[in-house]
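The values are calculated or read from the model by the stated rules, or taken from the named source; none is laboratory data. Since the structure is predicted, the reported quantities are computational estimates derived from the model, not experimental observations. In this analysis, Cβ positions are derived from the backbone assuming ideal geometry, glycine residues included, and neighbour counts consider all displayed protein chains.
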Amino acid sequence: MLRPFEIIETLEMIEKENLDIRTITMGISLRDCCHPDINISCQKIYDKITRYAEKLVITGANIEKEYGIPIINKRISVTPIALIAESCDSADYAKFALAMDRAANTVGVNFIGGFSALVHKGYTNGDRKLIASIPEALSTTNKVCSSVNIASTKAGINMDAVAEMGIIIKKCAELTADNNALACAKLVVFANAVEDNPFMAGAFHGIGEPECVINVGVSGPGVVKCALEKVKGADFGTVSETIKKTAFKITRMGELVAREASRRLNVPFGIVDLSLAPTPAIGDSVAHILEEMGLEKCGTHGTTAALALLNDAVKKGGVMASSYVGGLSGAFIPVSEDAGMISSVECGALSLEKLEAMTCVCSVGLDMIVVPGDTSADTISAIIADEAAIGVVNTKTTAVRIIPAPGKKVGDIVEFGGLLGYAPVMKVNSYGSADFIKRGGRIPAPLHSLKN
Amino acid sequence: MRAIITVIGNDRVGIIAGVSNILAATNVNILDITQTIMQDVFTMITLVEISKCNIPFLDLSERLENKGVEMGLRIQIQHEDIFNSMHRI
């Protein structure tokens with residue numbers, strides 16, 4: 001028999017500490033949707049998504065009610081569209097995004113990811129057309145998310161793609177200038193992208209994945225913070241142990257929901273992604289966990305070490321709880337989606353440079369960073385190149401989701417709304433990188449011996 | 001299948017009666033009841049068997065919730081597995 005304090009502990013985690021299932025994401029392969037006629041291909045995509053995901057939202061809602069655990073988002077990821085679109089003779093790939101958007105609206109999910117291309121070693125013709133159509137695709141749809149993998153540890157960094165993505169991000173910003181460059185918030189540039197990530201905007205259904213799969217992302221920064229409040233002043237062994245135990249409990253719950261969703265939908269269970277994903281809500285911040293460890297403000301000296309400990313302990317607790325942990329698993333550090341990060345940027349404690357250092361030890365990368373509208377495409381490309389280098393050399397996933405908000409200057413606030421939150425515009429280095437980016441070509445893959 | 005009903009709020013007359021009337025009417029068997037004061041709040045935890053319940057789970061959940069609103073308490077029913085997954089290996 002369960003003890004009352006155990007039941008109360010679970011209820012408190014959910015009600016007071018914002019524990020939730022952040023997303024149930026259904027991955028759907030679209031590899032049988034290729035066709036020389038773009039309209040037929042789009043129709044096949046729409047039909048398949050709406051058929052497979054017909055019951056996704058209602059199933060999620062029922063599990064939520066029966067288990068009493070909030071499931072915030074129901075989402076879909078699909079095969080990178082460049083692979084599907086390549087067979088058709090049209091170059092107007094934005095049509096595929098419209099088909100995805102329609103399908104997402106029909107089944108009632110709030111995002112659909114996979115308007116993507118994998119170009120870490122080079123472009124195919126389809127990749128080239130897809131990337132060129134990203135600005136139109138993201139500015140004419142509401143729910144479609146896009147990602148481009150421009151580097152990997154085994155292939156190195158495709159600097160042509162890095163240069164192009166700077167230009168694409170600027171175009172996305174221009175096309176949605178009247179909406180705070182919202183298109184940029186739906187576009188992620190990856191190094192070492194993972195194939196089973198359930199979190200947006202970077203989710204896509206990788207080519208090694210099955211026909212259809214259920215991946216679940218759990219979250220709970222608030223739960224970790226509250227657990228740490230109970231061990232004030234204790235040494236780091238205790239801090240790590242406390243985070244591990246908490247991550248274990250959170251992940252067990254995530255696995256239960258994942259298995260239940262998979263059973264009810266008759267779709268295989270893929271992975272649990274145990275990322276600490278913050279939201280702008282009070283008590284749901286990763287920055288506040290770091291501050292709970294003893295930092296006056298997130299971003300000060302010691303922040304990287306604190307984040308390294310947090311990220312590692314979350315993974316250790318999680319892998320004990322589920323045999324199928326995957327995705328990005330760790331701690332996310334998006335600026336606009338985290339009340340503590342926002343506050344640290346506002347008071348000057350957290351700079352872009354410190355965030356870059358933090359991405360060496362967190363789960364992903366520079367996420368939801370707003371920079372001045374007059375930041376050049378070259379500078380954005382150079383920021384992407386730096387981030388990709390961190391990922392490639394350290395054999396980890398890194399990403400850049402950056403928003404050059406038109407007309408905004410350092411210190412202005414840009415509001416996105418909902419889970420995307422709001423962010424102060426951050427300062428970028430004012431010296432140029434144009435000649436560096438202009439070189440093009442590929443930065444070779446790093447050496448894997450002589451490590452020091 | 002077993003579920004856990006939690007009642008949280010200020011103690012008053014008729015809490016057990018209110019909950020158990022609904023359970024009797026819907027053919028839900030009570031396996032165990034504990035009540036305690038946790039952090040100054042009255043807490044009642046009831047383990048129930050719902051396999052023979054004569055209405056859908058979501059309807060039962062709604063009836064209990066409405067009863068809670070009526071009595072100024074928070075009443076919630078959840079599948080037992082959510083707690084087992086977190087606290088038992």
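So here's what we get for this one:
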item: Residue in the range A:2-17 that is farthest from the other protein chains (Cβ to nearest Cβ), counting only those that are in contact with a Cys (Cβ under 9 Å, 6 or more places away or on another chain) and over 14 Å from B:VAL7 (Cα atoms); result: A:GLU17
item: Hey, A:ILE21 touching a residue at least 12 places away in the same chain (Cβ under 8 Å) and within 13 Å of another protein chain (Cβ to nearest Cβ) or not; result: yes
item: Checklist (1) away from every other protein chain (no Cβ under 14 Å); (2) surrounded by 19 or more Cβ atoms within 10 Å (Cβ to Cβ) applied to A:LYS232, failing item; result: (2)
item: Sole residue being of a type in the set (Asp, Glu), in a helix (DSSP H, G or I) and closer than 22 Å to A:GLU255 by Cβ, chosen from A:ASP284, A:ASP312; result: A:ASP312
item: Odd one out for A:ASN149, checked against (1) closer than 30 Å to A:GLU12 by Cα; (2) part of a strand (DSSP E or B); (3) within 15 Å of the chain's Cα centre (by Cα); (4) not small (Gly, Ala, Ser); result: (1)
item: Residues (of a type outside the set (D, E, K, R) and farther than 28 Å from A:VAL223 by Cβ) located in the range B:51-71; result: B:SER51, B:CYS53, B:ASN54, B:ILE55, B:PRO56, B:LEU60, B:ASN66, B:MET71
item: Count - residues of the range B:1-30 that are surrounded by 14 or more Cβ atoms within 10 Å (Cβ to Cβ) and either in a strand (DSSP E or B) or touching a helix residue (DSSP H, G or I) at 6+ places or on another chain (Cβ under 8 Å) (or both); result: 16
item: Set A:ILE76, A:ILE63, A:ILE69, A:ILE58: member being within 14 Å of chain B (Cβ to nearest Cβ) and outside any helix (DSSP H, G or I); result: A:ILE69
item: Restricting the range A:87-119 to residues that are crowded, with 21+ Cβ neighbours inside 10 Å and part of a loop (DSSP other than H, G, I, E, B), the residue that is farthest from the chain's Cα centre (by Cα); result: A:CYS88
item: Residue, nearest to A:ILE403 (Cα to Cα), within the range A:183-211, restricted to residues that are assigned to a loop (DSSP other than H, G, I, E, B), charged (D, E, K, R) and touching a Ser or Thr at 6+ places or on another chain (Cβ under 8 Å); result: A:GLU209
item: Selection count where residues are in contact with an Asp or Glu (Cβ under 8 Å, 6 or more places away or on another chain) and either more than 8 Å from chain A (Cβ to nearest Cβ) or of a type in the set (S, T, N, Q) (or both), scope the range B:71-81; result: 3
item: Conditions (1) small (Gly, Ala, Ser); (2) on the phi < 0 side of the Ramachandran plot; (3) surrounded by 22 or more Cβ atoms within 10 Å (Cβ to Cβ): number failed by A:GLY220; result: (2)
item: Unique residue being assigned to a helix (DSSP H, G or I) and at negative phi when the list is A:ILE167, A:ILE214; result: A:ILE167
item: Qualifying residue in the range A:120-134 (condition: more than 24 Å from A:ASN179 (Cα to Cα), in a helix (DSSP H, G or I) and without any contact (Cβ under 8 Å) to a residue 12 or more places away in the chain); result: yes
item: Residue check for A:ARG51: part of a helix (DSSP H, G or I) and closer than 23 Å to A:LYS129 by Cα; result: no
item: A:SER336, sole failed condition from (1) over 16 Å from the mean Cα position of the chain (by Cα); (2) among the hydroxyl-bearing types (Ser, Thr, Tyr); (3) modelled with pLDDT under 95; result: (1)
item: Output for the range A:257-298, where each listed residue is in contact with a helix residue (DSSP H, G or I) (Cβ under 7 Å, 6 or more places away or on another chain), buried (at least 22 other Cβ atoms within 10 Å of the Cβ) and small (Gly, Ala, Ser); result: A:ALA261, A:SER285, A:ALA287
item: Options A:ILE250, A:ILE243: the member that is closer than 24 Å to A:LEU11 by Cα, in contact with a Leu (Cβ under 7 Å, 6 or more places away or on another chain) and more than 14 Å from chain B (Cβ to nearest Cβ); result: A:ILE243
item: Set A:ILE403, A:ILE443: member being modelled with pLDDT of 95 or more, crowded, with 16+ Cβ neighbours inside 10 Å and not assigned by TED's automatic domain parsing to the domain that holds A:PRO278; result: A:ILE443
item: Positions within the range A:65-80 being under 22 Å from A:GLU211 (Cα atoms) and either without any contact (Cβ under 8 Å) to a residue 24 or more places away in the chain or within 16 Å of the chain's Cα centre (by Cα) (or both), in sequence order; result: A:ASN73, A:LYS74, A:ARG75, A:ILE76, A:SER77, A:VAL78, A:PRO80
item: Residue check, A:LYS186 of a type in the set (D, E, K, R) and in the same structural domain as A:ILE390 (by TED's automatic domain parsing); result: no
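Each row is one residue, and each column tells you yes or no for (1) assigned to a helix (DSSP H, G or I); (2) within 20 Å of the chain's Cα centre (by Cα); (3) among the aromatic types (Phe, Trp, Tyr); (4) surrounded by fewer than 22 Cβ atoms within 10 Å (Cβ to Cβ).
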site	(1), (2), (3), (4)
A:GLY327	no, yes, no, no
A:LEU350	no, no, no, no
A:ASP374	no, no, no, yes
A:ALA389	yes, yes, no, yes
A:ALA399	no, yes, no, no
A:LEU419	yes, yes, no, yes
A:TYR431	no, no, yes, yes
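Yes/no per residue for (1) in a helix (DSSP H, G or I); (2) closer than 30 Å to A:GLY317 by Cα; (3) within 11 Å of another protein chain (Cβ to nearest Cβ):
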residue	(1), (2), (3)
B:THR34	no, no, yes
B:PHE42	no, no, no
B:SER51	no, no, no
B:LEU60	yes, no, yes
B:ARG63	yes, no, no
B:VAL69	yes, no, no
B:PHE83	yes, yes, yes
